[in-house]
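Worksheet: one structure, shown below.
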Amino acid sequence: MRANPPRSGRRRTVAALGLGVLLTGSLYGLGPSTATASSHREAPLIAADPAVDNTDLYAFVSPERPDYVTFIANWQPFEEPNGGPNFYPFATDATYHIKVDNDGDAKPDAEFRWKFRNVDKRGNSTFLYNNGPVTSLDDENLLFRQTYSLESKFDGESFKTRVQDAPVAPSRVGAASMPDYATLRQQATQTLPGGWKIFAGQADDPFFLDLRVFDLLYGGDLSETGQDTLAGYNVNTIALQVPFKDVALGGDATRNPVVGVWTTTERNRVRIAGGGSSGDRVQVSRLGNPLVNEVVVPAGLKDTFNATRPDRDAQIPALVNRVLNPEVPKLIEAIYKIPAPATPRNDLSEIFLTGITTKAGGPIKADLNSQLNNADVKASRFTPSEQLRLNLTVPVAGQPNRLGVLAGDLQGFPNGRRLTDDVVDIELQALVGAAQAGKLVDALAAGDAVDANDQDFTGEFPYVALPNGVSVNSAGGQRPAARPSSDATPNSLTGALTSDTAQPAPATVPVSYAAGASGLGILVVAGGLLFFLWRRRRQRTSADPDQTLSL
């Protein structure tokens, strides 16, 4: 690995495609009309392109370094540990991004970009990933490996290379091939000048939930809950830890503590089967808050939504109109007779579109995680958009609660997202009205009955658990049940589990906290839609009273 001081980014050249190649190759056009989405296979096109499918984003203050923020982004869902011989490399014809907005204009002020490269020694001599035990990342028995470069840019400047040829932790082949995978993880975790910590490689998928929600919402009678669908699967993880001053507006997290975060994957507009690409870069995956595209956006709009930049969120009427009346509450009402909350959802608009702030005129009387709360933000340039917002100055919780802000734990989701935050239960409660009522809805208090990850997280960077090395269908397809919240409590933001003293979620919570926690990404879009439609109606007639909050 080579760590480099900041320097001018290398200008990319576009390879000219010969006519013969164009005639014989298969072309794939990418762009807004054909782009793919993020999360676990939730959009039509991204489901066929797993290497660039962004599954989850986490952003939290680093427990052991309270002046640093950690970003964890995952790609390529449902990696079965025995998926050889090619296993699961990062795409080399795409770039992976983490973007940070600190002034509220919905455009990145800090951006981090990863590019991956293959080192493949197999050629025509073997199909094996490794031809003997691998004890280090430079072990000659490891026949296929990857390296990456990390670039960054700030405040509109050009990208500068921060590191080149950094090693990627390989896919975990098995105990015979990689008897000490923890050593490989350690060797792939690096510290750069400036205190940055970096990691890229395979890890256990930290997202926990029962995906049978799609079987008519847990079987129609809540009988299909309690199974962590993602237990045993791996993902490709990129983790980055940087000091607050590198992402806060003006480098001052005291005056400007709030940042908004999202990830993207980008490809050249034209791809050729068998290799090669051309054209400008287009966004093919996007992810901020969890589950937005899965449970809010209809199938016909998923690809468009994920190709859209945050600063354009409110400019898509079809999307806005769709999310004004989200589908899930109606389904819950039809199946479980729990009334869908009334609209417009001004509380959700504040939580997800603007962040929680008293400066937007919303119903939540608290200043938590909106860029409008930054002292140096120009309110006139603020643009509501879907982002994962985090207040960097909220102290690390001594006893994190899986329900985050909903349970009065202000460091949890939707104020950023920790590895242990139970976003499915939080969002279900929000959809059925917990945010408006100020208390949990008892009929769905158990949620999906998956309250924690099946693997313990670690107490140090990159925090995610080691990748699984045993097949998912081992033991006859039955895996250990997910750990209930009553059995283990995360001792840090990252979710290291150390005791059996978990705090039960309160049945009743302060209204402001409940409203904040109910922030489903679904609702974020709903808020944006409400605001957008209000603006349109206001232009048409002043006689039509509108209940949408003003910004």
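The values are calculated or read from the model by the stated rules, or taken from the named source; none is laboratory data. All values derive from a computational prediction rather than experimental measurement. No Cβ is skipped: glycine too gets one built from the backbone with ideal geometry, and neighbour counts run over all protein chains shown. Surface accessibility is based on the protein's heavy atoms, side chains included, excluding ligands, DNA and RNA. Shrake-Rupley method; radii C 1.70, N 1.55, O 1.52, S 1.80 Å.
Here is how the numbers come out for the structure above:
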{"quantity": "Every residue from the stretch 344-365 that is open to solvent by 60 Å² or more (accessible area, probe 1.4 Å) and either charged (D, E, K, R) or outside any helix (DSSP H, G or I) (or both)", "calculated": "Lys359, Pro363, Lys365"}
{"quantity": "Selection within the stretch 341-368 - at positive phi and within 24 Å of the chain's Cα centre (by Cα)", "calculated": "Gly355"}
{"quantity": "Among the candidates Ala188, Ala175, residue that is farther than 30 Å from Ala449 by Cβ and either open to solvent by 40 Å² or more (accessible area, probe 1.4 Å) or among the acidic types (Asp, Glu) (or both)", "calculated": "Ala175"}
{"quantity": "Pairs, first at pLDDT 95 or above and small (Gly, Ala, Ser) in the stretch 236-253, second open to solvent by 10 Å² or more (accessible area, probe 1.4 Å) and in a strand (DSSP E or B), C-beta under 8 Å, six or more apart", "calculated": "Ala239/Lys197"}
{"quantity": "Residues that are among the hydroxyl-bearing types (Ser, Thr, Tyr) and open to solvent by 40 Å² or more (accessible area, probe 1.4 Å), drawn from the stretch 226-237", "calculated": "Tyr233"}
{"quantity": "Among the candidates Tyr129, Tyr96, residue that is touching a residue at least 40 places away in the same chain (Cβ under 8 Å) and farther than 29 Å from Arg309 by Cα", "calculated": "Tyr129"}
{"quantity": "Unique match (being in contact with a Ser or Thr (Cβ under 7 Å, 6 or more places away or on another chain) and either within 19 Å of Pro193 (Cβ to Cβ) or loosely packed, with under 15 Cβ neighbours inside 10 Å (or both)) among Phe112, Phe127", "calculated": "Phe112"}
{"quantity": "Search result, residues across the stretch 178-211 that are more than 22 Å from Phe116 (Cβ to Cβ) and of a type in the set (Gly, Ala, Ser)", "calculated": "Ala182, Gly194, Gly195"}
{"quantity": "Condition met for Lys330 (under 21 Å from Leu301 (Cβ atoms) and free of Cβ contacts under 8 Å to residues at least 24 places away in the same chain)", "calculated": "yes"}
{"quantity": "Residues being open to solvent by 40 Å² or more (accessible area, probe 1.4 Å) and either more than 15 Å from Glu64 (Cα to Cα) or outside any loop (DSSP other than H, G, I, E, B) (or both) - total across the stretch 391-401", "calculated": "0"}
{"quantity": "Per-region count, the stretch 407-439, residues modelled with pLDDT under 85, over 18 Å from Pro363 (Cβ atoms) and open to solvent by less than 10 Å² (accessible area, probe 1.4 Å)", "calculated": "1"}
{"quantity": "Residue pairs meeting the criteria (Cβ under 6 Å; at least 6 apart or on separate chains; first of a type in the set (Phe, Trp, Tyr), in the stretch 336-354; second open to solvent by less than 10 Å² (accessible area, probe 1.4 Å) and in a loop (DSSP other than H, G, I, E, B))", "calculated": "Phe352/Gly519"}
{"quantity": "Residue in the stretch 154-169 that is of a type in the set (Phe, Trp, Tyr), open to solvent by 40 Å² or more (accessible area, probe 1.4 Å) and touching a helix residue (DSSP H, G or I) at 6+ places or on another chain (Cβ under 9 Å) present", "calculated": "yes"}
{"quantity": "Within the stretch 287-311, considering residues that are closer than 18 Å to Ile98 by Cα and charged (D, E, K, R), the one least open to solvent (accessible area, probe 1.4 Å)", "calculated": "Asp311"}
{"quantity": "Matching residues, the stretch 367-381, being among the hydrophobic types (A, V, I, L, M, F, W, C) and either open to solvent by 30 Å² or more (accessible area, probe 1.4 Å) or not in a loop (DSSP other than H, G, I, E, B) (or both)", "calculated": "Leu372, Ala375, Ala379"}
{"quantity": "Restricting the stretch 51-76 to residues that are open to solvent by 10 Å² or more (accessible area, probe 1.4 Å) and not aromatic (Phe, Trp, Tyr), the residue that is nearest to the chain's Cα centre (by Cα)", "calculated": "Gln76"}
{"quantity": "Test result for Asp454, among the acidic types (Asp, Glu), open to solvent by 10 Å² or more (accessible area, probe 1.4 Å) and either farther than 24 Å from Pro339 by Cβ or within 19 Å of the chain's Cα centre (by Cα) (or both)", "calculated": "yes"}
{"quantity": "Selection within the stretch 402-414 - under 15 Å from Phe60 (Cβ atoms) and part of a loop (DSSP other than H, G, I, E, B)", "calculated": "Arg402, Asp409, Leu410, Gln411, Gly412, Phe413, Pro414"}
